[in-house]
């Protein structure tokens, strides 16, 4: 479980880096630690947003929930950039595009990571059972 969590964190950091590389107006100030902190913040937002939206009246479709999640992530990225010196975001529209790109890149990179981890597990076999 810890390995899976670390892999997800690394995948999200990679998605943030790809977004910063491709999207003008969105950049990360600093080195690897800054990338990891930004990825941790976005990851926490992605965990908390569904918890909050679950308390709201049920949306009519999954698309509406996805759009709401993207909008909340965009605002949180924008606020995070204003409160810290780790992100430089030139506006709310750039934050919205960044949220969309990070989501897409993270989904693709997660798919690749899952396949690599599954192939590794198949090669090495199941983990030995421990006695507690």
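Just a yes or no: is a residue in the range 6-29 part of a helix (DSSP H, G or I), more than 21 Å from residue 108 (Cα to Cα) and touching a strand residue (DSSP E or B) at 6+ places or on another chain (Cβ under 9 Å)? No - not one qualifying residue is present in the range 6-29.
The number of residues in the range 82-132 being over 26 Å from residue 3 (Cα atoms), out of contact with any helix residue (DSSP H, G or I) (no Cβ under 7 Å at 6 or more places or on another chain) and either surrounded by 11 or more Cβ atoms within 10 Å (Cβ to Cβ) or modelled with pLDDT of 85 or more (or both) comes to 8.
The values are calculated or read from the model by the stated rules, or taken from the named source; none is laboratory data. Remember, it's a predicted structure, so these values are computed and weren't measured experimentally. Virtual Cβ from ideal backbone geometry, glycine too; neighbours counted across all protein chains shown.
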